[in-house]
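My structure is below; once you've seen it, I'll send some questions.
Throughout, read-outs are computed from the coordinates displayed, never taken from laboratory work. As the structure is a prediction and not an experimental result, all values here were calculated from the model. Cβ sites come from the backbone with ideal geometry, for glycine too, and all protein chains shown count toward neighbours.
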Amino acid sequence: MFKKRHVLTMREFSREEIDSVLDMAASLEPYARGRKSDMMAGKILALLFFEPSTRTRMSFETAMKRLGGGVINLGPAEGSSISKGESLADTVRVIGGYADALVIRHPKEGSARLASQFSPVPVLNAGDGAGHHPTQTLLDLYTIKKESHLENLSIALVGDLKYGRTVHSLAYALSLFGADITLVSPASLRMPDPIKADLSSKGTRVRETCDLGEVINNVDVLYMTRIQRERFPDPVEYNKVASCYRITPEFMTGAREGLIVMHPLPRVDEIAPSVDGTPHARYFQQSFYGVPVRMALLKMLIGRGA
Amino acid sequence: MSEIKDVPKGLRVKPINNGTVIDHIAGGQALNVLKILGIYGITDATVSVVMNVESRKLCKKDIVKIEDRELLEEEVNRIALIAPAASINIIRDGKVIEKRTVDLPDEIVGVVRCQNPNCISNTLEPIKSRMLVKTKNPVLLRCIYCEQPLTDRIAEYLI
């Protein structure tokens, strides 16, 4: 079912391939929680992070180490071959010679695809500028499957839907599962028209609103994202907008019993800390699920028999 | 066989004996066609350019004649990026020996730059730009690296 050499974008995943990754992640979850494994013994994963990352970098590292493999790090770009002007193409050719797979985060769009053209080993895209971040989407799908349901799902994507690469990929992937998607954002941060048109062309029900209160009682999943202050030149305008997309336990009073709240993190103030203790909060589980999902991808790409 | 039907012989352009005549280029695009063919700056080629003459097929058209060079099919097809109605006449000994229309290939390599300034293809990496042709009329290209579409102002992004 899984014949990929690289993981670059969600668009390259079929529904069946997504299912196979999620099933594999479920079978590996005990190892993500600490059960001993030597599945990746003798294998080395190289982490090439040209931009700061906490969760993605550390969860890849955890995934590889918990499966008994080793990790090498590019380290800060300063003082490395990058600062001497080495091309990305050369960097991945060299480091591809040291490792069994490369994880790359880079500020330029298309960088992971370029890396895949030069790397002798599989490349996993951990974020290419405003482009793609497929492992985030896969862990989001895994969270929805585990904590809610992927079939007949009603989901609201909330916040910055214009620049947020996470929600673009997630919306696309959800369209493969026939989800009912509500887009909730301020007018200036609406999801771009070509992405909406693409979703509609796949038969996905998409509706748009600025009013979070209008949808909160009718969805299974509330997927929150951060509205970045720098998107608004006027701080007063930012405060006004941001306060409309902030959730509290009181705000969720009429919500469905099984409503789950997700967030790719880090959050700033779009989810009040008092929500953490409610049965709706799932963002920390979501963050943890990055480990089994990344384990699954590593096993499927470079595990024995892959 | 006459070389160009719309423009009477001897009026604006002299017939050529050997080479290529590119006719029915959308008015004003001739210089971009030359750019696509790699003819710009200092060149040894003998080239005639006629711009914005009246045409039965288009309102206004340009014509380019390149002497002693028969364009290859892949060169011809790139012209479709900015002149999808162009017709190509290969001339030998004063006669049209072949007429071709242009047809964009499925992928264009090293001809059009991605319009996204943050695309990896616009850096010093050892790669050529690569654009998938999503639709041919109107022309819609998509960068294979960053997936940014390019449809308007393609001429501005010619390399």
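Where nothing but the Cβ of Lys and Arg (+1) and of Asp and Glu (-1) is charged, how large is the charge dipole of region B:107-157 around its Cα centre, in debye to the nearest 20?
120
Would you grab the residues whose amide H sits under 5 Å from the one on B:Ile91? Only those 5+ places off in sequence or on another chain, please, with H modelled 1.01 Å from N.
For B:Ile91, the qualifying residues are B:Gly19, B:Thr20, B:Val21, B:Ile97.
Still on this model: In a GNM of chain B with a 10 Å cut-off on Cα contacts, which of B:Gly38, B:Gly19, B:Gly27 has the highest mean-square fluctuation?
Evaluated over chain B, the most mobile residue of the options is B:Gly38.
Further question on the same structure: Local charge sum around B:Asn77 (other residues, Cβ-Cβ under 14 Å, Lys/Arg +1, Asp/Glu -1)?
-3
Next question, about the same structure. Kyte-Doolittle cut-off 0.0, length cut-off 15 Å along the helix's own axis using Cα: show which whole DSSP H helices in chain A pass.
Qualifying helices, which must be both long enough and hydrophobic enough, are A:165-175, A:283-302.
Another question about this same structure. Using the Cα centre as the reference, give the magnitude of the dipole from point charges on the C-beta atoms of the protein assembly as shown (Lys, Arg: +1; Asp, Glu: -1; all else neutral), rounded to the nearest 20 debye.
Its charge dipole is roughly 540 debye.
How much length is gained if the chain between A:Asn218 and A:Thr54 is pulled fully straight, taking 0.36 nm per residue apart and subtracting their Cα-Cα distance, in nm to one decimal?
Taking 0.36 nm per residue and subtracting the Cα distance, the gain is 55.7 nm.
OK, next. For region B:99-106, in order, what is each residue's ³J(HN,Hα) by Karplus, 6.51 cos²θ - 1.76 cosθ + 1.60 with θ = phi - 60°, in whole Hz (x at glycine and Pro)?
Each residue of region B:99-106 in turn: 10, 10, 9, 9, 9, 5, x, 6 Hz.
Per residue of A:86-94, how many C-beta atoms from partner chains lie within 10 Å of its own C-beta, taken as a mean?
2
Follow-up. Treat each spin label as a single point 7 Å out from the Cα along the C-beta direction, and report the A:Glu237 to B:Val109 distance in nm.
Between A:Glu237 and B:Val109, the simple spin-label model gives 4.6 nm.
Shifting gears a bit: Modelled label-to-label distance, A:Asn73 and B:Glu98, 7 Å Cα→beta-carbon offset: nm?
Distance between label points: 6.0 nm.
Can you list the cysteines of the protein assembly as shown that have no other Cys Cβ under 4.7 Å away?
A:Cys210, A:Cys244, B:Cys59
Mind checking the full-extension length gain between A:Tyr163 and A:Thr248? Use 0.36 nm per residue of separation minus the Cα-Cα distance, one decimal, nm.
28.1 nm
Restrict the search to region B:16-66; then list the trypsin sites (Lys or Arg not before Pro) that DSSP places in a loop and that have at most 14 other Cβ atoms within 10 Å of their Cβ.
Those that pass, being in a loop and sparsely packed, are B:Arg56, B:Lys57.
Which residues in region A:242-266 place their backbone N less than 17 Å from a point set 7 Å from the Cα of A:Arg207 along the Cα-to-Cβ direction?
In region A:242-266, the label zone of A:Arg207 (backbone N under 17 Å from the point 7 Å along Cα→Cβ) covers A:255-256.
Oh, and also: Could you tell me which of B:Ala85, B:Cys59, B:Thr20 has its Cα farthest along the dipole of region B:19-101 towards the positive end, charges placed at Cβ (Lys, Arg +1; Asp, Glu -1), taken about the Cα centre?
The residue sitting most towards the positive pole is B:Cys59.
What's the longest piece of chain A with no exposed GluC sites (Glu not before Pro), counting a site as exposed if DSSP puts it in a loop and it has at most 14 other beta carbons within 10 Å?
A:152-256
Between B:Ile159 and B:Arg56, with labels modelled 7 Å along Cα→Cβ, what's the label distance in nm to one decimal, could you check?
4.0
Figure the gain on full extension for A:Phe284 and A:Glu151 (residue separation times 0.36 nm, minus the Cα-Cα span) and round it to one decimal in nm.
45.6 nm
Under the rule of at least 5 residues apart or a separate chain, name every residue whose amide H is placed under 5 Å from the amide H of A:Ala130.
Counting only residues 5 or more places away or on other chains, the set is A:Glu109.
Set the Förster distance to 45 Å, then compute FRET efficiency between A:Ser274 and B:Asn137 from the Cβ-Cβ distance, nearest 0.05.
After rounding, the FRET efficiency stands at 0.20.
Other chains near A:102-113: what is the mean number of their Cβ atoms within 10 Å of each residue's Cβ?
Neighbouring Cβ atoms belonging to other protein chains average 5 per residue here.
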